[in-house]
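**Student:** Quick one: the structure is below, and I'll ask about it shortly.
The values are calculated or read from the model by the stated rules, or taken from the named source; none is laboratory data. The shown structure was predicted, so the numbers you read here are calculated from the model rather than taken from an experiment. Here Cβ is always computed from backbone atoms with ideal geometry, including for glycine, and neighbour counts include all displayed protein chains. In case anyone asks, the SASA skips ligands and DNA or RNA and just uses the protein heavy atoms, side chains included. Shrake-Rupley method; radii C 1.70, N 1.55, O 1.52, S 1.80 Å.
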Amino acid sequence: MQNCLRFILLLALPASLSAIEITGTVRSATDKSATIVTDSGLVPTPGDKVAIYFKLQGTEDEISVARGHVVEIVAESINVQIDNATGEVAKDQLVRITSANPRKRTDLTAGPSITPSAMVPPLSPTPTPSPKKDGGDHH
């Protein structure tokens, strides 16, 4: 029984070791969502867990404000849905995102998760309306 438990723990260990923490700050927030910015060269994947907190001045104590998950990455912003708030999420609070499958910011492509460098112009320009011809003779 004990050997079985050790085996299960060993199987789970590599997955937990591969998770990366991406840190950032809150740019803006509502009751149900927040926009996060980060200096990291890595970006999370939608669904990754998010912790929002602040530190008490003069200490290293972290005070949890909310938990949530990544919804999408748009340009330089990470959009987060708030799942459980114990306080008010506010601008400049600290963020920790735990990502098992982070991506390099430079590897993002067009789609639900994009960065400015990956934005591609539309395939065809929007047609401009041509002047109507009424066939009448105007003098």
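**Student:** For the range 13-69, with all protein chains present and a 1.4 Å probe, just round the carbon and sulfur fraction of the accessible area to a whole percent.
**Tutor:** Answer for the range 13-69: carbon and sulfur cover 54 percent of the accessible area.
**Student:** If you don't mind, another one. Sorting check: for 49-59, 34-44, 78-88, which peptide has the highest mean count of neighbouring beta carbons within 10 Å, and how do the rest follow?
**Tutor:** Order by mean packing, descending: 34-44, 78-88, 49-59.
**Student:** Go ahead and run the numbers for FRET between residue 105 and residue 59, Cβ-Cβ distance against an R0 of 30 Å, rounding to 0.05.
**Tutor:** The calculated FRET efficiency here is 0.40.
**Student:** Hey, what do the phi angles of the range 53-69 turn into as Karplus ³J(HN,Hα) couplings, whole Hz, using 6.51/-1.76/1.60 and θ = phi - 60°, x for Gly and Pro?
**Tutor:** Using θ = phi - 60°, the values come out as 7, 9, 10, 5, 4, x, 9, 9, 5, 9, 10, 5, 10, 7, 10, x, 8 Hz.
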